[in-house]
Amino acid sequence: LPVMATAEASRAIDAKPRLISMRHAGLTNVGKQRTHNEDNFAISSQITTHETPNREVLTTLRGLFLLCDGMGGHAGGEVASSMAIEKIVEKFIPFWGNRLPGTKKLREIIHAANQSIFELNESELRRDVGRMGTTLVLLSICNSEVAIAHVGDSRIYQINASGLKQITRDHEVANRLIDQGVEADVALSRHDAHQLTQALGPYDNHQIEPAIAFLQILEPTLFLLCSDGLCDNDLVEQNWETYLLPLLATDADLGSGVKKLIDLANTINGHDNITAILVNCQVEPVTN
C-alpha cells in the first residue's frame with residue numbers, strides 16, 4: 001500500500017509517525033423502509049499521558065470503533081448486533097494497552113462474540129432464516145498503528161491524499177467464487193451473488209474466520225465504517241470526493257459530515273438501516 005505498511009513491518013522502522021489527533025463521529029438511522037433499526041455501533045476513545053525519566057511527556061491516543069448490522073428481524077437482528085458489540089468491548093478493553101491485540105487475540109475476541117449469539121440461537125431453538133446474526137467491522141487505533149477486522153459485508157474505507165480505498169472485502173458468495181477461479185462477471189450475475197458467506201451467530205466458531213489486518217497511518221487519514229445501507233449501489237465510490245474528501249481537514253466538522261452521509265444514503269438508497277462512523281487521524285510528519 002502506498003501510504004500504509006503492515007504494523008509488523010513498521011516495528012523495524014526507527015522513526016514512526018506520531019498520531020497527534022484522533023476525532024470521530026457516528027450516527028445510525030432506521031432508513032425509509034424499515035420499521036426498526038437492527039444496526040448498532042460503539043465508539044470508545046482514550047488519551048493518556050506519562051512522563052519519562054528525562055521529563056519528556058508522552059501522549060498515547062487509543063480508539064475502538066465497532067459497527068454491526070444485525071439480521072433476523074425484530075428481537076433478532078437487534079439483539080445479535082447489540083450482543084456482539086457488548087461482548088467485543090468487554091473482551092477487548094483489558095488488552096488495550098500500549099500495543100494493539102495481535103491476530104490470535106482478536107480472533108479469540110470475535111469468536112467469543114460469535115459463540116454468545118450462537119448459543120442463544122441454540123437455546124431458543126431458532127432454525128434457518130429465524131437464526132439471528134450480525135455483520136461486524138472493527139477498527140482499533142493505538143498511536144499510529146491500526147488493527148481492522150471484519151465478518152460479513154459491512155465495510156471500512158480509507159481516504160487520504162492518494163484517494164479512496166476499500167480496506168475490507170465483503171464476505172459474499174460472489175467473492176468466494178472469484179477466489180475459486182470463477183470469472184467475476186459470471187460470479188456477480190448469480191442470484192445469490194451478494195448472499196453472506198459469514199456472519200456472527202448462525203454458526204459455531206469452526207465456520208467463522210474473521211479477516212484481520214494491521215496497518216500504520218503515515219499521513220492524514222479518514223476512516224469510514226459503514227453498514228450496507230450506506231455503501232449499496234456504489235454510493236461511497238460515486239460520492240466520496242464531495243462528501244468525504246473535505247473531512248480530511250484538521251478542522252472538519254465530522255458531526256455534520258456524518259449526518260450529510262446519512263441523508264445522502266436515505267436519498268439514494270433508503271431501503272435499509274444506515275450507520276456510519278467517521279474517524280479523522282492527523283499525524284506529525286516524520287523527520288529524517
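The values are calculated or read from the model by the stated rules, or taken from the named source; none is laboratory data. Predicted model, so just to flag it, every value in this text is computed and none were measured. No Cβ is skipped: glycine too gets one built from the backbone with ideal geometry, and neighbour counts run over all protein chains shown. Note: accessible area is taken over every heavy atom of the protein model, side chains too, but ligands, DNA and RNA are not part of it. Shrake-Rupley method; radii C 1.70, N 1.55, O 1.52, S 1.80 Å.
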Please verify whether region 39-62 includes one or more residues that are under 15 Å from the mean Cα position of the chain (by Cα), among the acidic types (Asp, Glu) and on the phi < 0 side of the Ramachandran plot. yes
Subset of region 269-285, residues farther than 13 Å from Leu230 by Cα and in contact with a Lys or Arg (Cβ under 7 Å, 6 or more places away or on another chain), comes to Asn280, Val283, Glu284
Pick from region 117-129, criterion of a type outside the set (A, V, I, L, M, F, W, C) and closer than 14 Å to Ala199 by Cβ, ranking: surrounded by the most Cβ atoms within 10 Å (Cβ to Cβ): Asn121
Can we say Ser162 is in contact (Cβ under 8 Å) with a residue 60 or more places away in the chain and surrounded by fewer than 22 Cβ atoms within 10 Å (Cβ to Cβ)? yes
Which ones in region 196-217 are open to solvent by 80 Å² or more (accessible area, probe 1.4 Å) and in contact with a strand residue (DSSP E or B) (Cβ under 9 Å, 6 or more places away or on another chain)? Tyr203, Glu209
Picked from region 133-149 (must be at pLDDT 95 or above and either farther than 30 Å from Glu219 by Cβ or open to solvent by 40 Å² or more (accessible area, probe 1.4 Å) (or both)), the residue nearest to the chain's Cα centre (by Cα) is Thr134
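Residue-wise test of (1) part of a strand (DSSP E or B); (2) closer than 17 Å to Tyr157 by Cβ; (3) open to solvent by less than 10 Å² (accessible area, probe 1.4 Å).
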position: Gly26; (1), (2), (3): yes, yes, no
position: Asn37; (1), (2), (3): no, no, no
position: Arg55; (1), (2), (3): no, no, no
position: Leu66; (1), (2), (3): yes, yes, yes
position: Asp69; (1), (2), (3): yes, yes, no
Taking region 51-70 as the region of interest, how many residues are in contact with a Leu (Cβ under 6 Å, 6 or more places away or on another chain) and more than 24 Å from Pro202 (Cβ to Cβ)? 2
Can you tell me which residues in region 240-254 are over 12 Å from Ile159 (Cβ atoms), touching a residue at least 24 places away in the same chain (Cβ under 8 Å) and more than 18 Å from the chain's Cα centre (by Cα)? Thr250
Let me confirm something: among Ala193, Ala187, Ala174, which residue is small (Gly, Ala, Ser), open to solvent by less than 30 Å² (accessible area, probe 1.4 Å), in a loop (DSSP other than H, G, I, E, B) and without any contact (Cβ under 8 Å) to a residue 24 or more places away in the chain? Ala193
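Give, as residue ranges, the helices (runs of 4 or more DSSP H) completely inside region 214-288 that count at least 3 residues that are of a type in the set (Val, Ile, Thr) and over 15 Å from Lys165 (Cα atoms).
So the answer is 254-268.
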Using beta carbons and a limit of 7 Å, which pairs, at least six apart or on different chains, have the first residue in region 103-127 and assigned to a loop (DSSP other than H, G, I, E, B) and the second one open to solvent by less than 70 Å² (accessible area, probe 1.4 Å)? Arg126/Met132
Out of the residues in region 71-116 meeting the condition of being hydroxyl-bearing (Ser, Thr, Tyr) and in contact with a strand residue (DSSP E or B) (Cβ under 7 Å, 6 or more places away or on another chain), tell me which one is least open to solvent (accessible area, probe 1.4 Å). Ser81
